[in-house]
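The structure under discussion appears below in the form of structure tokens.
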Amino acid sequence: MTVRRVFIAGALAAMALAASPPARAANAAACNSIAFPPYGRYERSARLHGPGLLLGGGGASELPPAAFAWLHRRLTGQSSRRAGNVVVVRASGSNLYDTPFVQYGNFASVRDVFIPPCASRAQVDRYADVVDNADAVFFAGGDQSNYVVWKGSALMAAAKRVYARGGVVGGGSAGLAIQGAVVYDSAAADRFDVETHTADAVASPLEERISFTTGLFSWPALNDTITDTHLVVRDRFGRMVVFLARILNSNLLPGANVAYALGVDQASAVAVDPDGTATVYNGSGGRGAYLVRATAGPHLEPGQPFRYTIQVAHVGRNGERFDLLHKTTPSPWRVLTVDGSRSPIYSQNPYQP
């Protein structure tokens, strides 16, 4: 090797070494979690009026204003004064969810905690104290696979303590998807870099891109239930029924011979009171909630289209109430078959009033 080539090689190596520490520092900084400054002023609440769940079919910016009013009542009773402390937890995005909570909620304080997917468990658990001091915890949208890896963390334990002492826990979009007893976790779909849609789920219900997590939360009103989001807007009813069949087929609810799904539309929310009574709140265009019951043992074969019959009750009117704990509704249950071998795949329109 010539002297000139040795010099150039050495110079390039030196440049690489010189660049490495800043690059590593930048990568480390990208994985840092952030607790944004709170809006308002934290005031400890003497008494909470829950526990409750706030389940939004879309993001917090799509929650109907009435859902924020319900949350305020659950935290403060009938008081109209500014009170209650909300923490929004997210794994992506910014603190944009603060705005609707501040605008519509009349809370004493709203604080956003951002924990990126690459954060260490220590980073996740660092904010357990912030959550412990909250009266309500709302998980933001994004990708639920970023939340399920927090299973067993101090932060998730803190969220459970908020609920246990009468607070409210919930989420919108991905933050709703993680609330059920079984969670469609999107982890396998992320590995394939695809999203699970109704069309591919009913064509091949045992496809590898469908994966689940259990034991993240165990709310009484959702103890035998999977939740799904953006239901009507993204036509997710068919995939939700596939999820139910997979849950029963894989015995993900041990000992259960019936499984339920709760699908919430994008501009709608379901607010669950301490006794398990749920109220539907609709924003503009929101179609409410869909409760699905599956009892039959599914017959699933690799590569074969899906065919399964379930019952569905549509709770669609704004302000309509139903018993989510005992899975009873004022709306009638309809029998519906999802068949991936025909078009349309539904024996009747699942979204009709």
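A few notes on this one:
- Each residue in segment 51-73 was checked for being assigned to a loop (DSSP other than H, G, I, E, B), modelled with pLDDT under 95 and either in contact with a helix residue (DSSP H, G or I) (Cβ under 7 Å, 6 or more places away or on another chain) or among the β-branched types (Val, Ile, Thr) (or both), and 1 of them qualify.
- Flag for VAL149 being surrounded by 22 or more Cβ atoms within 10 Å (Cβ to Cβ), more than 27 Å from PRO305 (Cα to Cα) and of a type in the set (Val, Ile, Thr): no
- Single match in GLY316, GLY340 (criterion: more than 27 Å from VAL272 (Cβ to Cβ) and surrounded by 14 or more Cβ atoms within 10 Å (Cβ to Cβ)): GLY340
- Selection of segment 74-122 for residues being farther than 16 Å from ALA35 by Cβ, hydrophobic (A, V, I, L, M, F, W, C) and either in contact (Cβ under 8 Å) with a residue 60 or more places away in the chain or in a helix (DSSP H, G or I) (or both) yields LEU75, VAL102, PHE107, ALA108, CYS118.
- Within segment 277-294, being surrounded by fewer than 18 Cβ atoms within 10 Å (Cβ to Cβ) and over 21 Å from ARG236 (Cβ atoms) holds for one residue alone: THR277.
- All positions within segment 123-136 that are buried (at least 17 other Cβ atoms within 10 Å of the Cβ) and part of a loop (DSSP other than H, G, I, E, B): ARG126, TYR127, ALA134, ASP135
- Elements of type strands (runs of 3 or more DSSP E) contained in segment 272-353, each with 1 or more residues being farther than 25 Å from LEU248 by Cα: 277-282, 321-323
- Exclusive hit being within 15 Å of GLY56 (Cβ to Cβ) and under 20 Å from the mean Cα position of the chain (by Cα), set GLY283, GLY276: GLY283
- Within segment 208-224, the set of residues being touching a strand residue (DSSP E or B) at 6+ places or on another chain (Cβ under 8 Å) and not aromatic (Phe, Trp, Tyr) comprises ILE210, SER211, THR213, THR214, LEU216, ALA221, LEU222, ASP224.
- Meets criteria (of a type in the set (A, V, I, L, M, F, W, C), modelled with pLDDT of 95 or more, buried (at least 23 other Cβ atoms within 10 Å of the Cβ) and closer than 17 Å to TRP150 by Cα) for VAL88: yes
- Residue under evaluation ARG239, criteria (1) closer than 30 Å to PHE68 by Cβ; (2) surrounded by fewer than 22 Cβ atoms within 10 Å (Cβ to Cβ); (3) among the basic types (Lys, Arg), criterion not met: (2)
- Taking the listed residues VAL292, VAL272, VAL338, the one that is touching a residue at least 40 places away in the same chain (Cβ under 8 Å), over 19 Å from GLY180 (Cα atoms), out of contact with any Asp or Glu (no Cβ under 7 Å at 6 or more places or on another chain) and not basic (Lys, Arg) is VAL338, with no other qualifying.
- Residue in segment 1-22 that is of a type outside the set (A, V, I, L, M, F, W, C), in a loop (DSSP other than H, G, I, E, B) and modelled with pLDDT of 80 or more present: no
- Annotation note: of ALA128, ALA181, ALA164, the sole residue that is hydrophobic (A, V, I, L, M, F, W, C), in contact with a strand residue (DSSP E or B) (Cβ under 7 Å, 6 or more places away or on another chain) and in contact (Cβ under 8 Å) with a residue 24 or more places away in the chain is ALA181.
- Among (1) assigned to a loop (DSSP other than H, G, I, E, B); (2) surrounded by fewer than 18 Cβ atoms within 10 Å (Cβ to Cβ), the one test that ARG161 misses: (1)
This table checks each residue for (1) crowded, with 24+ Cβ neighbours inside 10 Å; (2) closer than 26 Å to PRO302 by Cβ; (3) hydrophobic (A, V, I, L, M, F, W, C); (4) free of Cβ contacts under 8 Å to residues at least 60 places away in the same chain.
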| site | (1), (2), (3), (4) |
| --- | --- |
| PHE192 | no, yes, yes, yes |
| TRP219 | no, no, yes, no |
| LEU222 | no, no, yes, no |
| PRO254 | no, yes, no, yes |
| VAL258 | no, yes, yes, yes |
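- Those residues of segment 338-353 which are at pLDDT 95 or above and touching a strand residue (DSSP E or B) at 6+ places or on another chain (Cβ under 8 Å), in sequence order: VAL338, ASP339, GLY340, SER341, ILE345, TYR346, SER347, GLN348, PRO350, TYR351
The values are calculated or read from the model by the stated rules, or taken from the named source; none is laboratory data. As the structure is a computational prediction, the values presented were derived from the model and not from experiment. Backbone-built Cβ (ideal geometry, glycine too); neighbour counts: all protein chains shown.
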